[in-house]
Amino acid sequence: MKPTIPKENGPNGITSQVRQVLRKMKIWHYKHYSGGKFGQTGVADIIGCFHGRFLAIEVKRPGRVPTKNQQKFLDNVNAAGGIAFVAYSASEVYETLSSIETEHSNAT
């Protein structure tokens, strides 16, 4: 059953809306808070696990692009067999992961 997609311009922001979709899809995840002198730069905003694969989602407002370090992190995750992408909306996350879920179901 398709979860209700929250409005993108709500008070909670895009990241909260993406997390709401992930919870409704029952995808384990957490919000990564980067920063500090001991943290690694470029780590995606949301880290999780989807059908046994590492999941990294960099959330951006429309019109913004990932930094070089963020893009490198996403590229490294994809190269290692994980799922990593930039999301500009909660509905985009739902559509992307639903497509991957369909491919996973057809492969098993």
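A short reminder: the numbers here are calculations on the coordinates, not readings from a lab. Owing to the predicted nature of the structure, the values given are computational and were not obtained by experimental measurement. Note: ideal-geometry Cβ built from the backbone for every residue, glycine included; neighbour counts use all protein chains shown.
Computed values, structure above
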read-out: Out-of-range pairs (alpha-carbon distance over 21 Å; input Lys24/Lys68; Lys31/Lys60; Lys37/Lys68); value: Lys24/Lys68
read-out: Theoretical ellipticity at 222 nm over the chain - DSSP helices of four or more residues, -39500 (n - 2.57) apiece, nearest 500; value: -12500 deg cm²/dmol
read-out: Proximal aspartates and glutamates to Lys72, defined as alpha-carbon separation beneath 17 angstrom and excluding residues fewer than eight positions away on the same chain; value: Asp45, Glu58
read-out: Under 5 Å, built H, 5+ apart or other chain: amide partners of His32; value: Ile46, Ile47
read-out: Cα Rg, Dmax (largest Cα-Cα span) when computed across the range 49-108, Å; value: 12.2, 37
read-out: Convex hull of Cα atoms in the chain, direction-averaged projection (nm²); value: 7.5
read-out: Leading residue at positive end of dipole, the chain (Cβ point charges), from Tyr33, Ile14, Ile100; value: Tyr33
read-out: DSSP bridge orientation in the range 13-89 - percent antiparallel, rounded to nearest 5; value: 65
read-out: Computed magnitude of the charge dipole of the chain (debye, nearest 20; Cβ of K, R +1, Cβ of D, E -1); value: 380
read-out: Average Cα contact separation per residue, the range 13-89, under 8 Å, 6 or more apart, as relative contact order %; value: 29
